[in-house]
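I have placed the structure first, in the form of structure tokens, so that the comments after it can refer back to it.
The values are calculated or read from the model by the stated rules, or taken from the named source; none is laboratory data. The model shown is predicted, which means the values in this text are computed figures rather than measured ones. Note: ideal-geometry Cβ built from the backbone for every residue, glycine included; neighbour counts use all protein chains shown.
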Amino acid sequence: MDNSTVAMTGHQPTPSSGKTAMGADAKILRIKDVAKGLGIDKVEIVDPYDIKATTRALREILDYNGPSVIISQKPCPLLTERGKAREVLEKCNACGVCVKAFGCPAISLSNERADIDATLCYGCGVCETVCPFEAIRRKEE
């Protein structure tokens, strides 16, 4: 996973950022280049928010005969501008896919339907993609 930061210690830059921990310029080291340098021929970079493309890449890698690497690359959402929050529509049937399979901390589930806490939602839209009943949409203002 490459989210361009070391979040566990306070969003310090990674070697792929081109900055040192003190903010000075540094050589950019890319995970893909490191993997290729180790002799890995099959290296795929995916956007983890693009579920279909990520699933395709995973299937392709699983079928590949030899060492391979998938790099899940997306900036840390805490360091990017929030998108529009999502909302759950009345047609939600509380199937739980958005909570149990996806696991977004902004989504909770009651007996009646899911609910999205707009203060926790970063607006990535993945919940819209994973909902099998199209019961989640971009919040209208």
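Kindly provide the set of residues from region 41-51 that are assigned to a loop (DSSP other than H, G, I, E, B) and under 19 Å from G66 (Cα atoms), ordered by number.
If the condition is that a residue be assigned to a loop (DSSP other than H, G, I, E, B) and under 19 Å from G66 (Cα atoms), then D41 is the only one that fits.
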Does any residue of region 52-74 turn out to be assigned to a helix (DSSP H, G or I), aliphatic (A, V, I, L, M), loosely packed, with under 12 Cβ neighbours inside 10 Å and without any contact (Cβ under 8 Å) to a residue 60 or more places away in the chain?
yes
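Looking at Y122, Y64, which is the one that is within 24 Å of H11 (Cα to Cα) and of a type in the set (F, W, Y)?
Y122
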In the set K84, K42, K100, the lone residue that is touching a Lys or Arg at 6+ places or on another chain (Cβ under 6 Å) and either hydrophobic (A, V, I, L, M, F, W, C) or more than 25 Å from Q12 (Cβ to Cβ) (or both) is K84
Please find, among L89, L79, the residue that is loosely packed, with under 15 Cβ neighbours inside 10 Å and touching a Lys or Arg at 6+ places or on another chain (Cβ under 7 Å).
L89
Yes/no for C92 being part of a loop (DSSP other than H, G, I, E, B) and free of Cβ contacts under 8 Å to residues at least 40 places away in the same chain:
no
Do we find that T54 is modelled with pLDDT under 90 and of a type in the set (S, T, Y) in this structure?
no
Residue under question is A101, and the condition is that it be over 16 Å from M1 (Cα atoms) and either surrounded by 15 or more Cβ atoms within 10 Å (Cβ to Cβ) or not aromatic (F, W, Y) (or both); does it hold?
yes
Give me a count of the residues in region 105-119 that are in contact (Cβ under 8 Å) with a residue 12 or more places away in the chain and within 10 Å of E87 (Cα to Cα).
5
Where residues in region 28-48 are without any contact (Cβ under 8 Å) to a residue 12 or more places away in the chain and of a type in the set (D, E, K, R), which of them is surrounded by the most Cβ atoms within 10 Å (Cβ to Cβ)?
K36
